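Reading through the structure tokens given below for one structure.
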Amino acid sequence: MSRKPGGFLQEASHQITAGGSAGLVEICLMHPLDVVKTRFQIQRGKTDPTSYKSLGDSFRTIFRTEGLFGFYKGIFPPIMAETPKRAVKFFTFEQYKKLLGHASLSPGLTFAVAGLGSGLTEAVVVNPFEVVKVSLQANRNAFTEQPSTFVQARRIITTEGLGFRGLNKGLTATLGRHGVFNMVYFGFYFNVKNIIPVNEEPTLEFLRKFGIGLVSGTIASIINIPFDVAKSRIQGPQPEPGKIKYRTCFKTMATVYKEEGFLALYKGLVPKIMRLGPGGAVMLLVYEYAYAWLQENW
């Protein structure tokens, strides 16, 4: 039986509201780790004079030289993008899942393909915000000396334009990052959640979902991080001013591998997992509980 238009619109509004709420909560809790992750990804090896010695050294150095707010550099672009970004992530996942329900795919494959589609759609929406965010996170001046989000965005548009060398540079790497992440993230979470029995005790059920979400975010982070490193190199400051070394996704990966070794493609993995492991669990839980509440009360 077909869904009435009003029913669809109400359900869509619930998905969008719950998805936006999930993203806002996650970014506010986990942004400092995103700053650290980006710093590790844009440093070019031990010869880089600004290289951090360890994860602890990065936290100490940022706090000492940039202050507490240094950990929140670049937070406004993701906050501005997080509501539409996560709304797009969860809403399009649900819609792709429905659309794929008409195809002869197994339920497990349906979750993964719907996740891939949602990630690619999400990437197109979020990429301009990512360009501004990375350029702000790469700035090592004190927080009070850093340009504002709007000033930085205007500078990028004025000097580099709106295209693939300006506000939309690194789009291919962002497509790869989000597409691969969401494919694994949603595919693993919903498949495993359907296998492990539901617990009637609310606290244990919460922990069941959190645990599955934690593993989902961790595995997805490990698999997609080469795209993330490429994205940070392309969108961050180039090694030589006025010369573009990192231009395209796969060529950037090849250059990093050739010059710095295989492990360089996994730079920033620890802070990324620390953020997107629990952060991925937080997003799914906030989305599911907020969506269920909205369905019951609105």
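Brief remarks on what is shown
- 0 to 90° range, to nearest 10: angle between helix 5-42 axis and the chain longest Cα axis: 30 degrees
- Per residue solvent-accessible surface (Å²) - segment 9-297, probe of 1.4 Å: 46 Å²
- Accessible surface of residue 27 - all protein chains present, 1.4 Å probe, nearest 10 Å²: 0 Å²
- Rounded if a/c under 1.5, otherwise prolate or oblate - the chain, Cα gyration tensor axes: prolate
- Axis of helix 269-297 versus longest Cα principal axis of the chain: the two differ by about 30°, to the nearest ten degrees.
- For the chain, the longest principal axis of the Cα atoms and the long axis of helix 76-100 meet at an angle of about 40 degrees.
- Partner aspartates and glutamates for residue 98 [C-alpha distance under 20 Å; skip if fewer than 8 residues away on the same chain]: 11, 122, 288
- Cross-link reach is defined here as a Cα-Cα straight distance under 22 Å, omitting same-chain residues fewer than 8 places apart; for residue 272 the lysines meeting it are 37, 46, 53, 73, 85, 89, 133, 169, 209, 231.
The values are calculated or read from the model by the stated rules, or taken from the named source; none is laboratory data. Owing to the predicted nature of the structure, the values given are computational and were not obtained by experimental measurement. The accessibility values were calculated without ligands, DNA or RNA, using every heavy atom of the protein model including side chains. Shrake-Rupley method; radii C 1.70, N 1.55, O 1.52, S 1.80 Å.
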